[in-house]
Amino acid sequence: MATIDLVDVRKTYPGGAEVIHGLDLAIADGELLVLVGPSGCGKSTLLRMIAGLETVTGGTIAIGERPVNKVEPADRDIAMVFQNYALYPHMSVRGNLEYGLKNRNTPRDVIDARVAEAAEMLEITPFLDRKPRQLSGGQRQRVAMGRALVRQPKAFLFDEPLSNLDAKLRGQMRIEIKRLQRALKTTSVYVTHDQMEAMTLADRLVVMNSGRIEQVGTPIELYERPATVFVAGFIGSPPMNFIELGAFPSDVQSSLSRQATGADLVGVRPETIVFESPDSDAIRLECQIELIEPVGAESHVHVRWNEQRLVVECRGHPGFSEGQTQAFYLNPSALHFFDQASGQASRAAS
Amino acid sequence: MVENRPWLNVLTHCVLVLGVIIVALPVYLAFIASTHGPTEFLQGIVPLLPGPHLLENYGEVLTQGMTTSGAPPLLNMLANSTLMALIIVVGKISISIISAYAIVYFRFPLRTLAFWVIFITLMLPVEVRIIPTFKVVADLGMLNSYAGLTIPLIASATATFLFRQFFLTVPDELMEAARVDGAGPLKFFRDILLPLSRTNIAALSVILFIYGWIQYLWPLLVTTDPKYYTIVMGIKRMATVADSDPKWNLVMAAVVLAMIPPVFVVIAMQRLFVKGLVETEK
Ligand SMILES: Nc1ncnc2c1ncn2[C@@H]1O[C@H](COP(=O)(O)OP(=O)(O)OP(=O)(O)O)[C@@H](O)[C@H]1O
Ligand SMILES: [Mg+2]
């Protein structure tokens, strides 16, 4: 159990440009913090710096208030779960689980007890004597988790641990990780680029973009009040629609700019666009339906409004046909306003 | 072959049988020759059936050697060859696996230079550098010693190279996982890299054993004391005699005996050897 504090952390790879640009982050004790961001934004680099697998070229990292910049990974008391599991191929599952404990000269009976407990928790007891190659992907993933669990470290670090699994298994394991983390209350940092995983797992979510933090907050905060255009577009599926303020008729423009002064970009979540005429001051858009994607409980309707492409999420299967013209309504109170130049949300006026 | 045509079957079998005959006939003839008395060959007819002198011939070469041509008892030479081949196997593998480990896993100054220097020695097998090597060995007083027989042959880059290629295929995460698990460089090497290289080591051992066993030129140069003669050069010695015809029956007995250890090694290591060549356990 420990906090993890990053102060002005920077990383420059030898012979490369800076990839983490002065990043501050305080991870609370027992928290499950998820790092999301597009590929190449530096999530893995950051995680590996916390693990001690990459050197820190600027700033400090402290685990449980102890600065660890110069501390070997093994002495940081962290455990890491790798994307490709990195199980030792020549050791049995038991051997894999035990290895870290043996290296720390843990007494035999403690090792046995912990391995048995972890195996029980992850339901891998029947495979303890098999080699990793005799296991399915999901089972290997559990073993990798088990290897982290038995150590009872101060923190778990996960680098996209589920991305090699199929969608269904990913869903199951996600729930299991959350349950385990709740039970153990171990501080955890979880890297993923799957925003579904990020939203459902996180106590707090960190959205990163090219080596910087865009926003930190609970998943709902980030969804409801994105601080930047980037976060707004990154969180939520299908992604938020962006419409330039100037594209609206002038009366709408003036009423909208009263809501948020200085904003020149309007964000609309696909799920807030409706096609039944609501009572109040909704903004009416006359759209042409281009494509309908039914996805079970809802449908994603791709429409064109003037020159603008929008996505609308409708419950069930509205009886639209492709090519037809249809009126959609935006609820002004559900809109997000941004300043294009700075990329920041503008929500001063209300 | 997916096809299953009878005439094709016959053809493939013929080719295989032919191949076996080409390889096996000389071996068979050598064996037959080693079972006859000394006079049979002087008539110029090669016998095709075993003769009555098997035990007698083998006993003689093993215990007495061939005094007329200065060949010591074969038992002694067999032991020398085995020792030499084993030292080469162990020496080469230990040195090359350690240097490959250093080159792949550590970032030290002049690492690239070290790698290229090793790489360049690939172009300099013993035969090419034999005179300077001989001079060095002679100056160091290592003529007529096991050290002189083996050390110059141990220093070579092939095995380092093979291990380097193998280590490069081991995923980095394995090393990182081990680091997180508290394994230092030596533990990682011992607990993870070495077991993973098991099949490679086995395959290389077979190749290197035979390499050491068939050395001819180098032992011929550095040994003048019969105590250190190896079997391959011994055979040559037996076959060239000054004033009389060589005793072919005894030479052939020595040849057959010289073949046994490599064959034994190959058979014993066959399973691992094939595994090491065709698959890497990852
Ligand atoms: N060893 C390295 N040397 C130089 N540059 C590197 C190295 N490793 C990563 N980078 C660069 O650092 C940046 C961040 O990489 P990182 O692996 O952290 O991305 P990521 O967010 O984990 O992406 P992904 O989601 O694809 O895993 C990338 O631009 C990458 O090119
Ligand atoms: Mg990554």
(Q) Restricting to bridges with both residues inside the protein assembly as shown, how much of the DSSP beta-bridge set is antiparallel, in percent to the nearest 5? (A) 75 percent
Q: Multiply the residue gap between B:LEU113 and B:ARG198 by 0.36 nm, knock off their C-alpha separation, and tell me the result in nm, one decimal place.
A: 27.8 nm
Q.
Over the Cα atoms, compute the radius of gyration (one decimal) and Dmax (the largest Cα-Cα distance, rounded to a whole number) for the protein assembly as shown, in Å.
A. 37.3, 124
Q.
I'd like the FRET efficiency for B:ALA138 and B:LYS187, computed as 1/(1 + (r/R0)^6) with the beta carbon distance as r and R0 of 41 Å, rounded to 0.05.
A. 0.45
Q.
Using 0.36 nm times the number of residues separating A:LEU291 and A:ALA17, minus their current alpha carbon distance, what extension gain do you get?
A. 94.4 nm
Q) Once the Cβ-Cβ distance between B:ASP245 and B:THR63 is put in as r, and R0 is 22 Å, what FRET efficiency do you end up with, to the nearest 0.05? A) 0.45
Q: Using DSSP, restrict attention to beta bridges with both residues in chain A and report what percent are antiparallel, rounded to the nearest 5.
A: 75 percent
Q) Hey, what did region A:166-285 get for relative contact order, percent, Cα under 8 Å, at least 6 apart? A) 14 percent
Q.
Just to be sure I understand the model, the point goes 7 Å from the Cα along the line to the Cβ. What's the resulting B:GLN165 to A:ARG309 distance in nm?
A. 4.8 nm
Q) With every protein chain present, what accessible area does A:ASP112 have (1.4 Å probe, heavy atoms only), rounded to the nearest 10 Å²? A) 70 Å²
Q | Kirkwood Rh (inverse of mean 1/r, distinct Cα pairs), chain A, angstrom | A | 22.7 Å
Q. Where does helix B:54-63 land angle-wise versus the long Cα axis of chain B, in degrees 0 to 90, nearest 10?
A. 60 degrees
Q: Using R₀ = 25 Å, calculate the FRET efficiency as 1/(1 + (r/R₀)^6) where r is the Cβ-Cβ separation of A:ASP279 and A:GLN324; round to 0.05.
A: 0.55
(Q) With +1 assigned to the C-beta of every Lys and Arg and -1 to the C-beta of every Asp and Glu, and no other charges, what is the dipole magnitude of the protein assembly as shown about the Cα centre in debye, to the nearest 20? (A) 2100 debye
Q: Return the long-range amide H neighbours of A:TYR13 (sequence gap of 5 or more, or a different chain), with a cut-off of under 5 Å between placed amide H atoms.
A: A:VAL19
Q: Quote to one decimal, in nm, the extra length available between B:ILE260 and B:ARG129 on full extension: 0.36 nm per residue of separation minus the C-alpha distance between them.
A: 44.1 nm
(Q) If you take each beta carbon of peptide A:97-103 and count the beta carbons of other chains within 10 angstrom, what is the mean? (A) 4
Q) Considering only Cα-Cα distances, which of the following residue pairs are longer than 24 Å: B:LYS92/B:LYS187; A:LYS154/A:LYS178; A:LYS131/A:LYS154; A:LYS102/B:LYS92; B:LYS135/B:LYS227? A) A:LYS131/A:LYS154; A:LYS102/B:LYS92
Q. Can you give the accessible area of B:VAL20, probe radius 1.4 Å, in Å² rounded to 10?
A. 90 Å²
Q. Do the sum for chain A: with -39,500 (n - 2.57) for every DSSP H run of n ≥ 4, divided by all residues, what is the mean residue ellipticity at 222 nm, to the nearest 500 deg cm²/dmol?
A. -8000 deg cm²/dmol
Q: Give me the angle, in degrees from 0 to 90, between the Cα long axis of helix A:167-184 and the longest principal axis of the Cα atoms of chain A, rounded to the nearest 10.
A: 60 degrees
Q: Mind checking region B:1-109 for GluC sites (Glu not before Pro) that DSSP puts in a loop (not H, G, I, E or B) and that have at most 12 other Cβ atoms within 10 Å?
A: B:GLU3
Q) Amide H neighbours of A:GLU290 under 5 Å, counting only residues 5+ apart in sequence or on other chains, H built in-plane at 1.01 Å? A) A:HIS302, A:VAL303, A:ARG304, A:GLY323
Q: Report the far tail of the P(r) of chain B, meaning the percent of Cα-Cα pairs longer than 24 Å.
A: 63 percent
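The values are calculated or read from the model by the stated rules, or taken from the named source; none is laboratory data. Bear in mind that the values here come from a model prediction, so they are computed numbers and not experimental data. Here the Cβ is made from the backbone with ideal geometry for all residues, glycine too, and neighbour counts use every protein chain on show. Surface accessibility is based on the protein's heavy atoms, side chains included, excluding ligands, DNA and RNA. Shrake-Rupley method; radii C 1.70, N 1.55, O 1.52, S 1.80 Å.
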